[in-house]
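> Right, I'll just put the structure down here and ask away after.
The values are calculated or read from the model by the stated rules, or taken from the named source; none is laboratory data. Treat the numbers as computed from the prediction; the structure is a model and nothing was measured. When we count neighbours, we look across all protein chains shown, and the Cβ atoms used for this are built from the backbone with ideal geometry, even at glycine.
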Amino acid sequence: MTLSVEIRPGGPGDLEIASRLVAEAFEPLAVSRWLVPAGRDERLRVLRANFRIHVEHALAHGHLDLIDGGAGVAVWFHLDGPEPPPPPADYDARLARACGPWVDRFRALDATFEAHHPHEVAHRHLAFLAIHPSVQGRGLGGSLLRQHHQVLDATGVGAYLEASSERSRSLYERHGYRAHGAPFTLPDGPPLWPLWRDPCPSDAG
């Protein structure tokens with residue numbers, strides 16, 4: 001059953017709720033367990049601190065679409081030229097503080113993502129699509145995708161993402177994403193799937 005939702009732009013006042021939401025949605029994933037091979041509480045703490053850096057950065061170099069009430073969020077970066085946006089201010093030190101003994105794993109993830117990211121064409125990067133675990137499987141992720149896909153279709157802009165599970169890859173494929181190269185893996189870690197969506201002008205609006 002698809003829930004009826006209202007989606008609004010996220011702002012600085014949503015930083016904490018969005019960071020917590022992404023952490024709670026991503027905590028069970030294999031990639032999160034690879035990043036923080038510790039207990040659930042520690043993994044949530046580290047993930048929340050790390051995601052806070054990236055959500056804050058998206059507010060400056062992209063946007064958030066937030067389901068009113070905090071059930072889900074999409075975190076988009078806007079890449080309008082051949083160069084990626086600058087890293088967050090004081091990123092290395094902030095990452096080390098956030099991730100502690102696991103920081104080298106997060107650095108490996110960053111390097112792997114960057115090595116596979118397409119920079120040759122302007123696009124939007126869906127960094128995180130997060131639905132609270134209590135309401136997953138009810139169509140909220142699709143609602144968030146459609147929210148921004150309408151804009152991308154109307155403006156002729158493509159989208160890129162890295163799917164972190166077979167389940168999420170299937171969701172994205174249902175919404176027009178296709179493989180953008182072979183899956184890649186972290187060192188002794190799980191696979192990740194680079195996906196690309198071409199704009200569909202006939203579906204705009």
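> Identify the single condition in (1) of a type outside the set (D, E); (2) modelled with pLDDT under 95; (3) over 24 Å from P12 (Cβ atoms) that P87 does not satisfy, given that it satisfies every other one.
The number of the failed condition is (3).
> Taking the stretch 61-101, which residues are among the acidic types (D, E), surrounded by fewer than 16 Cβ atoms within 10 Å (Cβ to Cβ) and either part of a loop (DSSP other than H, G, I, E, B) or touching a residue at least 24 places away in the same chain (Cβ under 8 Å) (or both)?
D68, D80, E83, D90
> For the stretch 33-55, how many residues are more than 12 Å from A130 (Cβ to Cβ), assigned to a helix (DSSP H, G or I) and more than 13 Å from the chain's Cα centre (by Cα)?
11
> So which pairs qualify, if the first residue must be in the stretch 40-52 and within 18 Å of A74 (Cα to Cα), the second must be outside any helix (DSSP H, G or I) and among the hydrophobic types (A, V, I, L, M, F, W, C), the Cβ gap must be under 8 Å, and the two must be at least 6 apart or on different chains?
Listed by first residue and then by second, the contacts come to L47/V36; F51/F128.
> Within the set of pairs 6+ apart or on separate chains, which have a first residue in the stretch 159-173 that is more than 12 Å from G142 (Cβ to Cβ), a second that is among the small types (G, A, S) and assigned to a strand (DSSP E or B), and C-beta atoms under 7 Å apart?
Final answer for the pair search is R169/A163.
> Mind checking which residues of the stretch 102-121 are surrounded by 12 or more Cβ atoms within 10 Å (Cβ to Cβ), out of contact with any helix residue (DSSP H, G or I) (no Cβ under 9 Å at 6 or more places or on another chain) and farther than 14 Å from P187 by Cβ?
Of everything in the stretch 102-121, those that are surrounded by 12 or more Cβ atoms within 10 Å (Cβ to Cβ), out of contact with any helix residue (DSSP H, G or I) (no Cβ under 9 Å at 6 or more places or on another chain) and farther than 14 Å from P187 by Cβ turn out to be H116, H117, P118, H119, V121.
> Taking the stretch 1-30 on its own, how many of its residues are touching a residue at least 12 places away in the same chain (Cβ under 8 Å), assigned to a helix (DSSP H, G or I) and under 18 Å from V75 (Cα atoms)?
Residues meeting the conditions: 14.
> Which one of these is closer than 25 Å to A18 by Cβ and of a type in the set (A, V, I, L, M): A179, A163? Steps first, please.
Values: A179 fails: closer than 25 Å to A18 by Cβ.
Going through A179, A163 in turn, the sole match is A163.
> Here is a follow-up. Could you list, in sequence order, the residues of the stretch 149-174 that are outside any helix (DSSP H, G or I), more than 26 Å from W34 (Cβ to Cβ) and touching a strand residue (DSSP E or B) at 6+ places or on another chain (Cβ under 8 Å)? Let's see the steps before the verdict.
If we filter the stretch 149-174 for residues that are outside any helix (DSSP H, G or I), which is where we start, we get 156-165.
After this cut, where a residue has to be more than 26 Å from W34 (Cβ to Cβ) as well, the list is 156-158.
Listed by number, the residues that qualify are V157, G158.
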